[in-house]
Amino acid sequence: DAVRGTVAWDAESTVGDFILLRSSGIPVYNFCVAVDDASMGVTTVVRAEEHLTNTLRQGLILDALGAPRPRYAHCSLILGEDKQKLSKRHGATSCNQFRLDGFLPDAMINYLALLGWNDGTDNEIFTRDELIDAFSVNRVVKSPSIFDMDKLKWINSQHLKMYSIEELTEMVAEQMEMLGFFKEGSDPEKINEFVVATTSLAKQMMETTQDAATNAKTVLEYGLAESFDKMEDGQAKTMIKNGNFYPVATTLVKQFEAGELPLPDPKEPLAIFLDGKKKAIVEDNQSGGGAYSFPQAYSAHMKALSKDLNVKGKCLFHPLRLAVTGEMSGQDIPKQMALLSLASDENGAVDMEKNGVVTLDDRIAKLKSFCETIPEEFRATKVVKKEIAENTEQVAATNTNTETVAATPAEADPLDTYEGPAITSLDIRVGRITKVWEHPEADKLYCEEVDVGEDEPRQIASGLKAFMKPEDMEGRLVLVLCNLKARKMLGFASHGMVMCASNEDHTDVKFVSPPVDAKVGERVTVPGFNFDGEAGVPMKENPMGKKKIFDKLAPFLVTSKYGVPEFLGRPFMTSAGVCTSPISEGNVA
């Protein structure tokens, strides 16, 4: 057997005097397939291991017919995640169901080919032609494979990245039609506008084409609770308790009611989603529109708001996001507002009632009502409260009739409410960039060779071309996330991620730097977490990707007001000291 080598049975007890023709005159299966293989000149039979014993009978029949035996390759069964034989109880069984769920044909072929086969490298993403060139029965393994839906989604996401937004719109439109997004008889042009905007907004996070449609539903809904008391405990409620939300939210309400808040232009509904050549924008950190368009007006307005309220970074943008979208995370806020504007058009294509669309007017009204329920003690930032307490203490100290002033409560440790993966899951190491060149197929990518203390340097692709020059990168000490699975980025095998800090709108991106005396290859640690022993071992590459560990940790990787990269207020450390970044109150990724 091409997969199992020599396989042997007790032929007499296994084969016996088997039947070729039933009394009804109908030939049995084993006779039919043997004749069929012989008449069609089949050279290789690839099938499940359940047919192993049938091979004996078919071989004898072919011998009796004087026909050559084909080569047989018996593959192990595909199991469900419960390690039982894959069956209908495990869910979707038809190819059409996978299509309806938003999986691409090429991704399905890619994934199915990897169930029990590999090409001998770490590569997992193949086009059809690449599979045809690489496939060999000799690389099929005997051990059974597990049908892993998370892995299938990841492979599908990598194939989706190979498509342009224009190529995906028809598939996304099909998903939106199935979910009942559009009113009957809608203008095809308006449907197309909304689909383009939806696809552009979701492109970077899509695992299936269905994700674009479900993401649009989330954007159009508004998840802010009716009142503070009805909020579930979590990151949003903690932020409100810290006093960051109320000043920003109430100012936003006043500005909207006064007509001062920049809004999307209904005459140019797609401006924010299209570049100068009218091509749909893929990157989350890029927006279209001219010098006086909505995205630029919104950005300028938020800078002025930051100055007026004396808040910046996450203390401004997290409250803004919750106030406008009702969520603590998501895509670019102006792009979400633009999609909402398209959906809120009474003459547009979207069925507002069926899809639970909450217009910006209704959101502001609900936000205003919510702010009225926030207790007085949470309406000023903790910093302000501390300053008030200090001033009160100074006055009291100079007064002979001083009264004892209550101490300001200590600010809550964010670790107390954190419920995500351990930071020790990440294998972040000190690296040195030794070589940089432009990606031959991608205008916005650099290819980097990075020494991380291994036998061979890592090759990593990054989207830093818009922010840095090769001569500024070569020789730099950097931090590298090393336990990401290697993947092809337009033909370049990239293994790892160079970590950078960025401001909120990603217009400024800089390296996160270890101290100059840090050792290449050493692991970055975080105080308060055990990086030693079994508990501190970083997660392996496969489960890192399948469980989306970095995606879950990313919202908590930030820089402080002093530019120190942190996790839950604790700095990134090396043997030579604390890591740094030129960007304060930014995000680290």
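For the set K312/K546; K203/K465; K153/K230; K488/K548, the pairs lying more than 27 angstrom apart at their alpha carbons are K312/K546; K153/K230.
The modelled label-to-label distance between E283 and L56, using points 7 Å beyond Cα along the C-beta direction, is 6.5 nm. Measuring nothing but how far apart in sequence close Cα pairs (under 8 Å, 6+ apart) lie, relative to its length, the chain scores a relative contact order of 10 percent. Dipole of segment 32-158 (Lys/Arg Cβ +1, Asp/Glu Cβ -1, origin at the Cα centre): which of N96, T127, M40 lies farthest to the positive side? Farthest along the dipole direction, towards plus: M40.
Proximity of backbone amide H atoms, modeled 1.01 Å from N, is registered between D265 and F294 at under 5 Å, excluding neighbours fewer than 5 places apart on the same chain. Using the Karplus relation 6.51 cos²θ - 1.76 cosθ + 1.60 with θ = phi - 60°, the per-residue 3J(HN,Hα) values for segment 299-305 come to 4, 5, 5, 5, 5, 5, 5 Hz, with x marking Gly and Pro.
Among all the aspartates and glutamates, which ones have a C-alpha under 17 Å from K435's C-alpha, if same-chain residues fewer than 8 places away are not counted? Of all the aspartates and glutamates, those that pass the test against K435 - Cα under 17 Å, at least 8 places apart if same chain - are E448, E449, D451, E454, D455, E456, E471, D472, E474.
At a probe radius of 1.4 angstrom, the accessible area of the chain per residue rounds to 52 square angstrom.
Listed cross-link partners K303/K368; K151/K335; K335/K510; K190/K217; K241/K314 are compared with a 19 Å cut-off, the Cα-Cα value being larger for K303/K368; K151/K335; K335/K510. In summary, the aspartates and glutamates within cross-link reach of K83, defined as a Cα separation below 15 angstrom excluding same-chain residues under 8 places away, comprise D148.
Each residue of segment 436-447 was assigned a 3J(HN,Hα) from its phi angle through the Karplus curve 6.51 cos²θ - 1.76 cosθ + 1.60 (θ = phi - 60°); the sequence is 9, 8, 6, 5, x, 10, 10, 5, 10, 10, 9, 10 Hz, with glycine and proline shown as x.
Principal semi-axes of the equivalent ellipsoid, √(5λ) from the alpha carbon gyration tensor of segment 44-86, are 29, 9, 4 Å from largest down.
With the convex hull drawn over the C-alpha atoms of segment 26-151, the volume per residue is 153 Å³. Overall, the accessible surface of segment 290-354 at a probe of 1.4 angstrom is composed of carbon and sulfur to the extent of 48 percent. Is the shape of segment 471-563 rounded, prolate or oblate, going by the alpha carbon gyration tensor and its root eigenvalues a ≥ b ≥ c, with a/c under 1.5 for rounded and a/b larger than b/c for prolate? Since a/c stays below 1.5, the shape of segment 471-563 is classed as rounded. The convex hull built on the alpha-carbon positions of the chain has an orientation-averaged projected area of 38.2 nm². Rounded to the nearest 500, the helix-only mean residue ellipticity at 222 nm of the chain stands at -10500 deg cm²/dmol, with each DSSP H run of n ≥ 4 adding -39,500 (n - 2.57). Computed from the alpha carbon atoms alone, the convex hull of segment 523-568 holds 94 Å³ per residue.
Database remark: amide H of E522 closer than 5 angstrom to the amide H of V430 (H placed geometrically; neighbours at sequence offset of 5 or more, or on other chains; Pro and chain starts carry no H). Segment 524-564 and segment 202-241 have Cα centres spaced 24 Å apart.
The values are calculated or read from the model by the stated rules, or taken from the named source; none is laboratory data. Since we're looking at a predicted model, the values are computed, not measured. Positions of Cβ are generated from backbone atoms using ideal geometry, with glycine treated the same way; all protein chains shown enter the neighbour counts. Side chains are part of the model used for accessible areas, which takes the heavy atoms of the whole protein and leaves out ligands, DNA and RNA. Shrake-Rupley method; radii C 1.70, N 1.55, O 1.52, S 1.80 Å.
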